[in-house]
Amino acid sequence: MQTHGHNQAGKGMMQTMAFTAEKSRRERFGELLEQHRKIVFKVANTYARLADDRADLVQEISAQLWRAFPGYDEARSFSTWMYRIALNVAISHLRNAERRDTHTLPLDESAHEAAVVVGIAEPDERVRALEAFMVQLDPLNRALLLLVLEERSYREIAEILGLSETNVATRISRLKQRIRNDTSFNG
Amino acid sequence: MEFDDMKAAWQTLDRRLEQQHALNLQLFRDSRADKARSELRPLFWGQIAQIFFGLLMILLGVSVWSNHRDVAHLLISGVIVHAYGVVAIVLAGITLSMIQRLDYASPVLAIQKQLAQLRAFYIRNGMIVGLSWWLFWIPFVASFFAWLAGVDFFENMQGAIGWCIAVGVVGLLATWGFHHWAQRSGRARLLKVMDDNMTGSSLRKAQSILDEIRRFEQD
């Protein structure tokens with residue numbers, strides 16, 4: 001009887017400890033996510049243009065971050081880890097969306113594209129031109145541009161994408177050249 | 001316009017983000033995130049179903065070839081059904097292990113490559129398991145009737161079996177030829193419908209993603 005009572009108490013204590021650990025893990029994740037939430041939004045904005053799609057992508061990224069969180073090594077940079085997951089989810093999301101909509105064009109897309117070919121004077125037009133430039137990039141170059149605009153170091157970009165630093169430097173200089181030659185930005 | 005102008009536009013976007021709502025952290029407090037649907041979940045369960053299906057095929061095959069060792073065509077039918085079950089399980093097992101190996105926290109290029117490889121493998125898996133039915137239905141039906149009622153399907157069909165095999169071979173070749181023609185002639189819509197019906201997805205697209213990743217790495 002007494003042994004049974006001890007077992008019950010031990011089991012209860014284990015459950016309480018597990019619950020506390022889970023709670024603190026959630027709190028820690030919540031804190032880190034709150035600190036770096038802009039990364040999620042920026043990645044979602046870069047890969048999804050329609051509001052509903054963006055909201056879905058934000059949720060998808062957040063859920064994947066939470067799923068992967070137990071494997072996160074606190075000794076390493078949280079933002080690098082977060083960029084990897086967010087970009088991986090966003091690229092897959094974009095490819096799935098492309099598969100679903102192979103023959104459809106969002107209703108506002110043609111209007112959007114038309115708006116960027118004219119000269120750039122207002123900040124909003126500049127933003128639209130940036131978005132239009134990003135849309136024409138393939139998903140991997142889009143990730144590279146996002147990281148460059150975020151002023152991430154070559155080393156961090158290389159770590160996130162899985163390229164060598166030299167390769168990153170070459171790609172960035174090519175990307176900058178492409179921006180210079182882009183007609184929508186140069187009017 | 002230079003890169004700096006692009007950066008200025010990015011900063012404008014950055015300021016707009018400040019005004020956006022905070023992430024809905026409630027999602028993580030009530031554990032709903034644990035249940036959030038993963039894109040790969042249907043694929044995962046599809047492969048589990050394929051394993052069960054493969055097991056049923058093995059049971060059927062073994063039951064037929066072990067009980068009809070004296071009838072050559074039934075013995076062969078049973079062995080073919082058994083082998084089909086093994087192939088279905090092996091392919092599903094490989095697909096599942098590819099899903100399990102995916103770690104979204106790995107570098108972007110590595111994961112995107114793994115995803116494209118998984119997709120290409122899944123499509124080939126679907127083609128092998130699915131398209132083989134053009135011919136596989138014959139040993140399957142023979143085994144099924146032999147198991148169910150001890151009826152010899154081949155004896156009942158007699159000369160018609162040759163026609164069944166011929167139709168199967170022609171059907172298989174026609175499917176392959178039609179697919180090849182749609183791909184070559186650039187009939188994207190037709191190809192997509194065929195791919196969707198045959199495999200649930202497009203092998204061509206998976207290959208083009210792999211090519212895109214390769215180009216990005218090598219350029």
Discussion item. I need the full set of residues from segment A:159-172 which are more than 8 Å from chain B (Cβ to nearest Cβ) and crowded, with 20+ Cβ neighbours inside 10 Å, in order please.
Written reply: A:Val168
Item to complete: Return only the number of the condition from (1) outside any helix (DSSP H, G or I); (2) touching a residue at least 12 places away in the same chain (Cβ under 8 Å) that B:Asp70 does not satisfy.
Response: (2)
Item to complete: With a cut-off of at least 3 residues that are out of contact with any Phe, Trp or Tyr (no Cβ under 8 Å at 6 or more places or on another chain), name the helices (runs of 4 or more DSSP H) lying wholly within segment A:134-187.
Response: A:139-149, A:154-161, A:165-181
Worksheet item: Could you list, in sequence order, the residues of segment A:131-155 that are more than 9 Å from chain B (Cβ to nearest Cβ) and surrounded by fewer than 17 Cβ atoms within 10 Å (Cβ to Cβ)?
Response: A:Val135, A:Gln136, A:Leu137, A:Ser153, A:Arg155
Worksheet entry | Residue count for segment A:156-172, restricted to those that are more than 16 Å from B:Ile111 (Cα to Cα) and either modelled with pLDDT of 95 or more or within 15 Å of the chain's Cα centre (by Cα) (or both) | 1
Worksheet entry | When residues of segment B:10-39 are limited to those that are out of contact with any Pro (no Cβ under 7 Å at 6 or more places or on another chain), farther than 22 Å from A:Phe29 by Cβ and surrounded by 11 or more Cβ atoms within 10 Å (Cβ to Cβ), the one modelled with the lowest pLDDT | B:Arg16
Discussion item. When you check B:Ile138 against the structure, is it touching a Cys at 6+ places or on another chain (Cβ under 8 Å) and either part of a helix (DSSP H, G or I) or within 16 Å of B:Gly168 (Cβ to Cβ) (or both), yes or no?
Written reply: yes
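The values are calculated or read from the model by the stated rules, or taken from the named source; none is laboratory data. This structure is a prediction, so every number in the text was calculated from the model and none was measured. Quick reminder, even Gly has a Cβ in these numbers, built from the backbone with ideal geometry, and neighbours come from all protein chains shown.
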